[in-house]
Amino acid sequence: MQHLIDTNDFSDKQITQLLNDAKTFKYQRPPQILKDRLLITLFFEDSTRTRSSFEVACKRLGADVVHLDIAKSSANKGESLEDTFANLCAMEPDGVIIRHKENNAPQQLANMQLTQVINAGAGNYAHPTQALLDLFTMMEYFDGDIKDKKVAIVGDIISSRVASSAIRLFQRVGISVVLVAPKSFMPQNSLPQYENIEDIIDEVDVIMSLRAQLERHNTSHYEDYEDYAKHYCIDSNRIGDRDILILHPGPVMRNIDISDEILQDKRCKVLEQVKNGVYMRMAILKLLLLDS
Ligand code: ASP
């Protein structure tokens, strides 16, 4: 039974297959290959894009989806994560798509071997489907030529599961990664680190901007977000006419992460990432439910 906890659960061959399948799904009417399959979405944290994207992907492939509304579930009566999961699995779904604030929650449920588990975001550790859709978006933008491209991840890197999964996946496929953040947002690792975007902007092909993960901060990491924006907001003064692809996993804090103007710019592919997310998640469902 193959699960998706992080992108390293996939072989290089599987990653290539995912990129190819996502492209096919994008340009051809998707076949109903998951007819009679049932997926359950189990989100213990808020979500706009990832949950709807998974549910749309399931439906486009003909699968049924049931969503458990955690806010109105027996989790409020003290039922444990494992018991909630085991009870859902007793209804014999073909997979459970889970988001949780604990880094190891998806792995813990996968270890129970009751159904296939797909990680839709866990703590600050992993968001594998986001990393894969971002890779797909870069592949499209650079016509498949991503080797030796340089990505600057900008913002609250230390709290971001998007950054964690991206760093692992991008380096694996030959993309170099540099980190740009104020000290309180910077993790400890061996990647090149910069406090100012200006010090690296002429060398990068992609900027991945990240939101400050306020819901994950126990104490205030940054005092003044207007001041943060002055240094880190991706705006036209900062990027000028450079050919840089701008990405963001959403939700974008307008004029703090990225300016209104740049959100309209053709170099900014934030909504294309959302569109690609559906195709990539279709490819992931196909791989996990049919091909492995
Ligand atoms: N949507 C992404 C996540 O779930 C990024 C964010 O929330 O800032 O991690």
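Just a few scattered comments:
- Count of the stretch 166-212 residues which are in contact with a Gly (Cβ under 9 Å, 6 or more places away or on another chain) and either within 16 Å of the ligand (Cβ to nearest atom) or under 21 Å from Leu18 (Cα atoms) (or both): 7
- Every residue from the stretch 249-283 that is crowded, with 18+ Cβ neighbours inside 10 Å and more than 16 Å from the ligand (Cβ to nearest atom): Ser259, Ile262, Cys268, Tyr279, Met282, Ala283
- Taking each residue of the stretch 198-215 that is open to solvent by 20 Å² or more (accessible area, probe 1.4 Å) and looking for partners that are more than 16 Å from the ligand (Cβ to nearest atom) and among the acidic types (Asp, Glu) with beta-carbon atoms closer than 8 Å, six or more apart or interchain, yields Asp205/Asp243.
- The condition of being more than 23 Å from Ile146 (Cβ to Cβ), within 23 Å of the chain's Cα centre (by Cα) and in contact (Cβ under 8 Å) with a residue 60 or more places away in the chain holds for only one of Phe25, Phe43, that being Phe43.
- Cross-chain or 6+ apart pairs with Cβ under 9 Å, the stretch 248-260 first and farther than 21 Å from Gly277 by Cα, then hydroxyl-bearing (Ser, Thr, Tyr) and more than 9 Å from the ligand (Cβ to nearest atom): Ile256/Tyr225; Ile256/Tyr228; Ile256/Tyr232; Ser259/Ser236
- Yes/no for Glu55 being buried (at least 18 other Cβ atoms within 10 Å of the Cβ), without any contact (Cβ under 8 Å) to a residue 60 or more places away in the chain and among the acidic types (Asp, Glu): yes
- Subset of the stretch 171-193 [touching a residue at least 40 places away in the same chain (Cβ under 8 Å) and not β-branched (Val, Ile, Thr)]: Arg172, Ala181, Pro182
- The one condition from (1) open to solvent by less than 50 Å² (accessible area, probe 1.4 Å); (2) away from the ligand (no atom under 16 Å from the Cβ); (3) of a type outside the set (Lys, Arg); (4) within 20 Å of Met91 (Cα to Cα) that Leu18 does not meet is (4).
- Which numbered condition Tyr232 misses (of (1) closer than 10 Å to Val154 by Cα; (2) more than 16 Å from the ligand (Cβ to nearest atom)): (2)
- Taking the stretch 107-126 as the range and being within 13 Å of the ligand (Cβ to nearest atom) and open to solvent by 10 Å² or more (accessible area, probe 1.4 Å) as the test, the residues that pass are Asn124, Tyr125.
- Here the stretch 24-51 is the region considered, the condition is being β-branched (Val, Ile, Thr) and within 16 Å of the ligand (Cβ to nearest atom), and the residue that is most open to solvent (accessible area, probe 1.4 Å) is Thr48.
- Residue in the stretch 99-106 that is part of a strand (DSSP E or B) and open to solvent by 10 Å² or more (accessible area, probe 1.4 Å) present: yes
- Scoring Asp94 on the criteria (1) open to solvent by less than 30 Å² (accessible area, probe 1.4 Å); (2) away from the ligand (no atom under 14 Å from the Cβ); (3) within 28 Å of Asp36 (Cβ to Cβ) leaves a single failure, condition (1).
- The residues on offer are Ile167, Ile153, Ile246, Ile157, and the sole one that is at pLDDT 95 or above, buried (at least 16 other Cβ atoms within 10 Å of the Cβ) and farther than 23 Å from Asn119 by Cα is Ile246.
The values are calculated or read from the model by the stated rules, or taken from the named source; none is laboratory data. This is a predicted model, so every value here is computed, not measured. Here Cβ is always computed from backbone atoms with ideal geometry, including for glycine, and neighbour counts include all displayed protein chains. Calculation scope for accessible area: heavy atoms of the full protein, side chains included, ligands and nucleic acids excluded. Shrake-Rupley method; radii C 1.70, N 1.55, O 1.52, S 1.80 Å.
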